[in-house]
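The values are calculated or read from the model by the stated rules, or taken from the named source; none is laboratory data. Please read all numbers here as calculations on a predicted model, not as lab measurements. With ideal geometry, Cβ positions are generated from the backbone for all residues, glycine too; neighbour counts draw on all protein chains shown. Areas reflect the complete protein model, heavy atoms only, side chains present, ligands, DNA and RNA absent. Shrake-Rupley method; radii C 1.70, N 1.55, O 1.52, S 1.80 Å.
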Amino acid sequence: MAWPCPSLNSSSLSGYGARPFLCGPSCDTRIRDFQTAHHDDTGKSMPVSERFYLADAVFVAGLGGDEDLLVQLLAAVRNPVFLPFLGRRSCPPSRNIDLGLHPGAELAATLAAHE
């Protein structure tokens with residue numbers, strides 16, 4: 001099954017923004033994790049990489065661009081092919097990740113409005 005998402009290029013998006021939304025009591029705690037991977041063609045192990053994740057942190061992010069593209073991306077978010085996860089597969093979102101479309105709104109103002 002192919003992922004039904006349109007291709008993105010520099011002319012299709014006018015902006016991307018993200019900011020911290022909520023920080024719980026352990027938000028400054030970094031969780032250390034290691035990622036392993038295998039090469040698709042050869043099956044050989046790739047080098048182990050070290051990753052860090054923030055515990056108890058919530059961020060809000062937004063995209064700006066062509067409304068038709070944003071409608072398609074929203075549909076893909078609302079009907080994912082695979083379970084969305086944030087950083088690690090063991091970290092699925094605990095809340096709705098769809099804040100809707102805001103036609104004609106400025107990206108920075110929209111991000112700031114989601115308190």
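Things worth noting here:
- Flag if GLY100 is touching a helix residue (DSSP H, G or I) at 6+ places or on another chain (Cβ under 9 Å), small (Gly, Ala, Ser) and exposed (fewer than 10 other Cβ atoms within 10 Å of the Cβ): yes
- Hits in region 48-59 (condition: closer than 14 Å to PRO93 by Cα and out of contact with any Gly (no Cβ under 9 Å at 6 or more places or on another chain)): PHE59
- Close contacts from region 17-41, counting a first residue that is farther than 21 Å from ASP56 by Cα and a second that is at pLDDT 80 or above and of a type in the set (Lys, Arg), with Cβ to Cβ under 9 Å and a gap of 6+ residues or different chains, come to HIS38/LYS44.
- Selection within region 43-93: residues that are under 27 Å from GLY104 (Cα atoms) and among the polar types (S, T, N, Q). The member of this set that is most open to solvent (accessible area, probe 1.4 Å) is ASN79.
- Condition broken by PRO84, with the remaining ones in (1) in contact with a Pro (Cβ under 8 Å, 6 or more places away or on another chain); (2) at pLDDT 85 or above satisfied: (2)
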